[in-house]
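The values are calculated or read from the model by the stated rules, or taken from the named source; none is laboratory data. If you're wondering where the values come from, they're calculated on a predicted model, not measured in any experiment. Virtual Cβ from ideal backbone geometry, glycine too; neighbours counted across all protein chains shown. Please note that ligands, DNA and RNA were not included when accessible areas were found on the heavy atoms of the full protein model with its side chains. Shrake-Rupley method; radii C 1.70, N 1.55, O 1.52, S 1.80 Å.
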Amino acid sequence: MRGFKSLFGLIFKASPFLFLLFACYPSHKQSTFDPQGPVAQGQAELFYLIFWVATAVFIIVVGFMLYILVRYRKKEGDVDPPQIHGNTKLEIALTILPIILLAIVAVPTIKETFANANSPDPNSLTVEAIGHQWWWEFTYPHPNGSGDRIVTANEMRIPSDTVVNLELRSQNVLHSFWIPKLAGKVDVVPGNTNKMWIKANKGAEGIYLGQCAEFCGVAHALMKFRVVVETPEEFNNWLLEQDADGFNSADPLAAKGREIFEGSGQCYSCHTVKGLKKARGKKGPNLTHLASRSHIGSAIMENNQENLRDWIKDPDKIKPGNIMSKEGLIYTQDELALTDGQIAALVAYLQSLK
Ligand code: CUA
């Protein structure tokens with residue numbers, strides 16, 4: 001009993017701080033209480049409506065219960081009250097009242113569901129998001145209108161004040177695509193294309209965090225991504241840059257790294273670098289413009305020399321269970337393991353891929 005009491009006391013004392021655990025404050029990078037576009041805005045408004053209706057029901061029901069507990073508690077000399085069964089009027093009222101409350105909640109919920117499902121501009125920019133274990137691939141229509149798509153990974157760029165239609169696909173298992181400040185989750189299902197749309201408000205240019213929200217294996221929590229919202233001009237420039245071939249640096253260390261990439265490192269068999277003949281692999285992220293991304297490893301660490309080195313050296317330590325450590329011959333066959341010098345050259349090459 002005493003243990004229970006002290007535990008209860010601790011929870012009670014900590015209760016004002018408990019909300020901090022739930023990312024409930026708007027300034028949190030993954031808070032849903034700071035919507036930056038119409039989809040997230042509509043969903044937040046719906047949440048508030050349901051929250052306040054539920055809070056009113058809770059206060060009324062619990063208030064009545066407490067009042068009756070106190071008012072009619074057993075007193076000295078009380079005899080049993082008359083026993084009754086049923087009250088038609090009360091029962092009708094208690095049936096109609098919840099129906100009205102549910103209708104108040106249901107009408108805007110259905111409206112919001114349809115608004116989320118139907119893009120206001122189906123012909124606007126369409127970005128394909130593909131869930132892998134455990135990273136995100138994004139493809140864009142070519143600005144010149146050809147059928148080619150521009151492929152990138154883990155950092156989705158979108159123009160502000162523009163409807164962006166998303167086609168969600170999975171290459172393996174169930175994932176869920178979630179950018180808390182822009183839109184609620186939509187499942188990413190193998191063998192099926194789910195659609196959603198997002199829009200970032202004008203003036204909401206910046207970086208937003210995204211996260212896979214469906215358990216998809218051991219590194220699920222490390223399956224993040226970033227959404228960079230830019231002005232439409234900046235976005236168009238970026239898209240044109242992404243179309244260019246991978247930079248062919250004249251720096252001797254980077255050139256050596258490129259040789260390893262296309263040779264003994266066998267990076268080419270899983271990664272694409274546009275412009276490199278052999279590098280057409282599709283298993284891993286497209287690295288053509290890796291250096292233009294702020295983060296690596298599915299947005300889990302900053303894209304810098306030290307982190308790139310650590311990642312290539314032992315990816316399993318950073319993202320347990322990833323395919324690169326399981327299948328890359330430089331990790332599975334001791335005689336093919338890269339030396340620190342070779343890794344430094346590879347890092348120099350990857351950093352030249354602006
Ligand atoms: Cu993908 Cu969790």
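With the condition kept exactly as written, say whether any residue in segment 230-241 is more than 10 Å from the ligand (Cβ to nearest atom), open to solvent by less than 60 Å² (accessible area, probe 1.4 Å) and β-branched (V, I, T). Yes: segment 230-241 contains one or more residues that are more than 10 Å from the ligand (Cβ to nearest atom), open to solvent by less than 60 Å² (accessible area, probe 1.4 Å) and β-branched (V, I, T). Scanning segment 140-150 for residues that are surrounded by 19 or more Cβ atoms within 10 Å (Cβ to Cβ) and not aromatic (F, W, Y) turns up just one, I150. Across segment 152-165, the qualifying residues are those that are farther than 19 Å from N123 by Cβ and touching an Asp or Glu at 6+ places or on another chain (Cβ under 7 Å), and the one among them that is surrounded by the most Cβ atoms within 10 Å (Cβ to Cβ) is A153.
Do any strands (runs of 3 or more DSSP E) lying entirely in segment 115-205 carry at least 2 residues that are touching a residue at least 24 places away in the same chain (Cβ under 8 Å) and over 15 Å from V228 (Cα atoms), and which ones are they?
126-132, 149-153, 164-170, 175-179, 183-188, 194-198
Elements of the type helices (runs of 4 or more DSSP H) sitting completely within segment 309-350 and holding at least 3 residues that are over 26 Å from the mean Cα position of the chain (by Cα): these cover 329-332. Which residues, taken from segment 71-85, are open to solvent by 90 Å² or more (accessible area, probe 1.4 Å) and either on the phi > 0 side of the Ramachandran plot or not polar (S, T, N, Q) (or both)? Hits for segment 71-85 are R71, Y72, R73, K74, K75, E76, V79, D80, P82, I84, H85. Sort out which residues of segment 297-308 are open to solvent by 10 Å² or more (accessible area, probe 1.4 Å) and not in a loop (DSSP other than H, G, I, E, B), and write them in order of number. Of everything in segment 297-308, those that are open to solvent by 10 Å² or more (accessible area, probe 1.4 Å) and not in a loop (DSSP other than H, G, I, E, B) turn out to be M301, E302, Q305, E306, N307.
Residues in segment 166-220 that are farther than 30 Å from E234 by Cα, among the charged types (D, E, K, R) and either away from the ligand (no atom under 11 Å from the Cβ) or buried (at least 22 other Cβ atoms within 10 Å of the Cβ) (or both): none.
Only one of the numbered conditions (1) hydrophobic (A, V, I, L, M, F, W, C); (2) modelled with pLDDT of 95 or more; (3) under 30 Å from V164 (Cβ atoms); (4) open to solvent by less than 90 Å² (accessible area, probe 1.4 Å) is violated by V62, and that is (3).
On inspection, R226 fails the criterion of being within 16 Å of the ligand (Cβ to nearest atom), open to solvent by 60 Å² or more (accessible area, probe 1.4 Å) and at pLDDT 95 or above.
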